[in-house]
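Colleague: First the structure, which I've put down as structure tokens, then a few questions once you've had a look.
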Amino acid sequence: MHEMSLCESILQIVEAEAAREPFMRVTWLQLEIGALAGVEIDALRFCFEAVAPNTILAGAELDIVEPPGEARCVPCDKTVLLTDRYSCCPHCGAYGLQVTGGDQMRIKAMEVE
Amino acid sequence: MCTVCGCGDAHHHYGQGVARAHAPGLSQARMVKIEQDILGKNAEYAQRNRARFREQGILALNLVSSPGSGKTSLLTRTLTDLKGQYPLAVIEGDQETSQDADRIRATGVSAVQINTGKGCHLDGHMVGHALETLNPDPGALLFIENVGNLVCPAAFDLGEAHKVAILSVTEGEDKPIKYPDMFAAADLMLLNKTDLLPHLDFDVALCMEYARRIHPDIEILQVSAKTGAGMEQWYQWLRAHRPEPESPAR
């Protein structure tokens, strides 16, 4: 359940931001969690609800963008979409795809007041 | 004024998502673009640890596995066999108890125990603090035994040179594809408890194939911490991956 740690990190980042340019609360928070980031979105939402109360994030709406996984297939010389790390290339069936995207965990933007 | 790019618009719309539901109206609401890695802070701590390891010629390894793979037994054997050849140090991560650190200290090697409490993994910050206490000698082999968990520790850089995944043959041979993030992150897989193979249906070749599906370049060594079989290859791997000592300053 590292989703709990992720939510605590999110809170730290937002609090640091609030210290830099003062705002009272966050009403909307946008995250980008790639399909290959190893994060369970439902668990992340659950943990967010546990972390947010009585903080600057209390009541914030969570908007999670989930970019698909992308990988390079060397035999095909193609970039392919990947829903998980254990699948083969949908074109040639080769394994050992090199993940090139969709493993990010980022805070993108927020609406504050 | 916009706080991101200085434009006159007090509100930016991003994409087609729920943001559009928030009409800025006359409220004080404003958009702030952050663009920060959620684990950015951990990455900073990890980099600090890594810089320390580099300066002091320390080879730091992050040992990851399921509970019960024989990590601590493998480690105590390694320490016993290598003692006197190199400076050695251990950071032990467990949710509770100092049992493992006690086992390590029984070999005569200094160890610091981190109890993560409810936490499921070590992070760069915890390891940084453990280093203050442990203060490993220059040129040391530092083994960081992570919490037994094949999921969460994959995401947290500690500043190590390599993650080493330990898988025992009493587990399923399909663990590499069941927990692909960890095997994608590990540079070496130690297949442990091979002395038990005659009693099991474990398919070594299939396990290795699964691991290479996830990580084509992963190195794999078969070992038995109990009998010592294959351990010499592991020690050779350690020797080969120790940083070159820096030439003395003149």
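The values are calculated or read from the model by the stated rules, or taken from the named source; none is laboratory data. Just so it is clear, the structure is predicted and the values come from calculations on it, not from any experiment. Glycine gets a Cβ as well: all are built from the backbone with ideal geometry, and neighbour counts include every protein chain shown. Note: accessible area is taken over every heavy atom of the protein model, side chains too, but ligands, DNA and RNA are not part of it. Shrake-Rupley method; radii C 1.70, N 1.55, O 1.52, S 1.80 Å.
One line per residue, one yes/no per condition, for (1) within 12 Å of chain B (Cβ to nearest Cβ); (2) at pLDDT 95 or above; (3) closer than 30 Å to A:GLU15 by Cα; (4) open to solvent by 60 Å² or more (accessible area, probe 1.4 Å):
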{"position": "A:VAL74", "(1), (2), (3), (4)": "yes, no, no, yes"}
{"position": "A:SER87", "(1), (2), (3), (4)": "yes, no, no, no"}
{"position": "A:GLY93", "(1), (2), (3), (4)": "yes, no, no, no"}
{"position": "A:LYS108", "(1), (2), (3), (4)": "yes, yes, yes, no"}
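Colleague: Being out of contact with any His (no Cβ under 6 Å at 6 or more places or on another chain), within 11 Å of chain B (Cβ to nearest Cβ) and surrounded by 14 or more Cβ atoms within 10 Å (Cβ to Cβ) narrows it down to one of A:PHE46, A:PHE23, so name that one.
Modeller: A:PHE23
Colleague: At negative phi, more than 11 Å from chain B (Cβ to nearest Cβ) and surrounded by 15 or more Cβ atoms within 10 Å (Cβ to Cβ): does that describe A:ILE41?
Modeller: Judged against the criteria, A:ILE41 is a match.
Colleague: Can you tell me which of A:ALA58, A:ALA37, A:ALA43 is farther than 26 Å from B:MET208 by Cα and assigned to a loop (DSSP other than H, G, I, E, B)?
Modeller: Unique residue meeting the criteria: A:ALA58.
Colleague: From the list B:ALA60, B:ALA29, which residue is touching a Phe, Trp or Tyr at 6+ places or on another chain (Cβ under 9 Å) and within 14 Å of chain A (Cβ to nearest Cβ)?
Modeller: After ruling out the rest, the residue left standing is B:ALA29.
Colleague: Same structure again: Take the residues in segment B:204-224 that are in a helix (DSSP H, G or I) and under 17 Å from B:SER69 (Cα atoms), then tell me which one is nearest to the other protein chains (Cβ to nearest Cβ). Write out each step before concluding.
Modeller: Our first condition is that a residue be in a helix (DSSP H, G or I); within segment B:204-224, this holds for B:204-214.
Filter again for under 17 Å from B:SER69 (Cα atoms), leaving B:204, B:207-208, B:211.
Values: B:VAL204: 18, B:CYS207: 14, B:MET208: 12, B:ALA211: 11 Å.
Per the criteria, the residue is B:ALA211.
One line per residue, one yes/no per condition, for (1) charged (D, E, K, R); (2) open to solvent by 30 Å² or more (accessible area, probe 1.4 Å):
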residue: B:CYS120; (1), (2): no, no
residue: B:ASP123; (1), (2): yes, yes
residue: B:THR133; (1), (2): no, yes
residue: B:LEU142; (1), (2): no, no
residue: B:ASN146; (1), (2): no, no
residue: B:CYS152; (1), (2): no, no
residue: B:MET182; (1), (2): no, no
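Colleague: Here's something else I'd like to know. Go over the candidates A:ALA60, A:ALA35, A:ALA43 one by one and state the one that is more than 25 Å from B:ASP157 (Cβ to Cβ) and among the small types (Gly, Ala, Ser).
Modeller: Unique residue meeting the criteria: A:ALA60.
Colleague: So, in segment B:33-63, how many residues would count as being open to solvent by less than 10 Å² (accessible area, probe 1.4 Å) and out of contact with any strand residue (DSSP E or B) (no Cβ under 9 Å at 6 or more places or on another chain)?
Modeller: 1
Colleague: Another one. Among the residues of segment A:95-106, how many are at the interface with chain B (Cβ under 8 Å from one of its Cβ atoms) and part of a strand (DSSP E or B)?
Modeller: Matching residues across segment A:95-106 total 3.
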